Amino acid sequence: MSVDETAPLRVLVVDCDPRVRAQVVSLLADSDELEVVAETAGGADAVGLAARLRPDIVLLDADAARTGHAAPLSRASRVFVHAPPDDGCVETALRGGACGHLVPGSFTVRDLIRGVRDASRASLGLSAREAEVMDLISTGRSNGEIARQLFLSEKTVKNHVNRIYAKLGVSSRATAIALWRGMMSVLPIKD
């Protein structure tokens, strides 16, 4: 997979209800930031597809989460469970490695992208200001543009960028952007 900051995040949609699955795929298809690379009805199929396609994000329905598929899928992708908030599978999936929860029929593409960024921020150890700077870096802005937008000096932005690089263990803007956007192919797979 390319480490190109303009490449959309790759999504695998898992839902046993074909109608709901089609709605989710349709919602995501309208975004330039996301690309649905596959869809399936079951968690077992999802594990095989994820191993082959290496999506950045897996949207997992309650049935697949309930049967324990969040854990194997979360080893190489950001897993978000889309289930009613009172469904007990959400907590189980989060304990199994899922990084977020979305309520079916009420989440937007922005909500999903925000969830990916929040999960990235938490797992990568960035402060709120560093995450804000990293968001702007990922849109292609220069240090000078970031400084003007955040009302900071360019030296302060450069200090934030240096701390971000150190925390992420990277030496280039492109690699930092790839990590931030959740392109898990550049991260080592957890054992």
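The values are calculated or read from the model by the stated rules, or taken from the named source; none is laboratory data. These figures come from a predicted structure and were not determined experimentally. Neighbour counts are summed over all protein chains in view; Cβ atoms, including those assigned to glycine, are modelled from backbone coordinates with ideal geometry. The accessibility values were calculated without ligands, DNA or RNA, using every heavy atom of the protein model including side chains. Shrake-Rupley method; radii C 1.70, N 1.55, O 1.52, S 1.80 Å.
I'd like the full set of residues that are part of a strand (DSSP E or B) and open to solvent by 10 Å² or more (accessible area, probe 1.4 Å), limited to region 55-99. Across region 55-99, the qualifying residue is only R78.
Residue-by-condition table, conditions (1) closer than 24 Å to A176 by Cα; (2) touching an Asp or Glu at 6+ places or on another chain (Cβ under 6 Å):
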position: A50; (1), (2): yes, no
position: A62; (1), (2): no, yes
position: A70; (1), (2): no, no
position: A98; (1), (2): yes, no
position: P104; (1), (2): no, no
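Considering only region 160-173, state which residues are outside any loop (DSSP other than H, G, I, E, B) and either of a type in the set (D, E, K, R) or surrounded by 13 or more Cβ atoms within 10 Å (Cβ to Cβ) (or both). Break it down stepwise before answering.
In the first step, residues of region 160-173 are kept if they are outside any loop (DSSP other than H, G, I, E, B); the result is 160-168, 173.
H160, V161, R163, I164, Y165, K167, L168, R173 - these are the residues of region 160-173 that are outside any loop (DSSP other than H, G, I, E, B) and either of a type in the set (D, E, K, R) or surrounded by 13 or more Cβ atoms within 10 Å (Cβ to Cβ) (or both).
Quick one: is E91 in contact with a helix residue (DSSP H, G or I) (Cβ under 9 Å, 6 or more places away or on another chain), charged (D, E, K, R) and more than 18 Å from R114 (Cβ to Cβ)? No: the conditions fail for E91. Of the residues making up region 146-159, those that are free of Cβ contacts under 8 Å to residues at least 12 places away in the same chain and either within 24 Å of the chain's Cα centre (by Cα) or open to solvent by 80 Å² or more (accessible area, probe 1.4 Å) (or both) are R148, F151, E154, K155.
Just one of the numbered conditions (1) acidic (D, E); (2) within 14 Å of the chain's Cα centre (by Cα); (3) open to solvent by 50 Å² or more (accessible area, probe 1.4 Å) is not true of D45: (2). So which residues in region 112-138 are over 14 Å from V157 (Cβ atoms) and open to solvent by 50 Å² or more (accessible area, probe 1.4 Å)? Across region 112-138, the qualifying residues are R114, R117, D118, R121, A122, S123, A128. Screening T108 on (1) among the hydroxyl-bearing types (S, T, Y); (2) surrounded by 16 or more Cβ atoms within 10 Å (Cβ to Cβ); (3) within 21 Å of R181 (Cβ to Cβ) shows it passes everything except condition (2). Condition first: surrounded by fewer than 20 Cβ atoms within 10 Å (Cβ to Cβ), under 24 Å from G140 (Cβ atoms) and either of a type outside the set (S, T, N, Q) or over 14 Å from the mean Cα position of the chain (by Cα) (or both). Can you find one or more residues in region 13-29 that meet it? Looking through region 13-29, at least one residue is surrounded by fewer than 20 Cβ atoms within 10 Å (Cβ to Cβ), under 24 Å from G140 (Cβ atoms) and either of a type outside the set (S, T, N, Q) or over 14 Å from the mean Cα position of the chain (by Cα) (or both). Residue count for region 68-95 satisfying the condition of being among the β-branched types (V, I, T) and at pLDDT 90 or above: 2.
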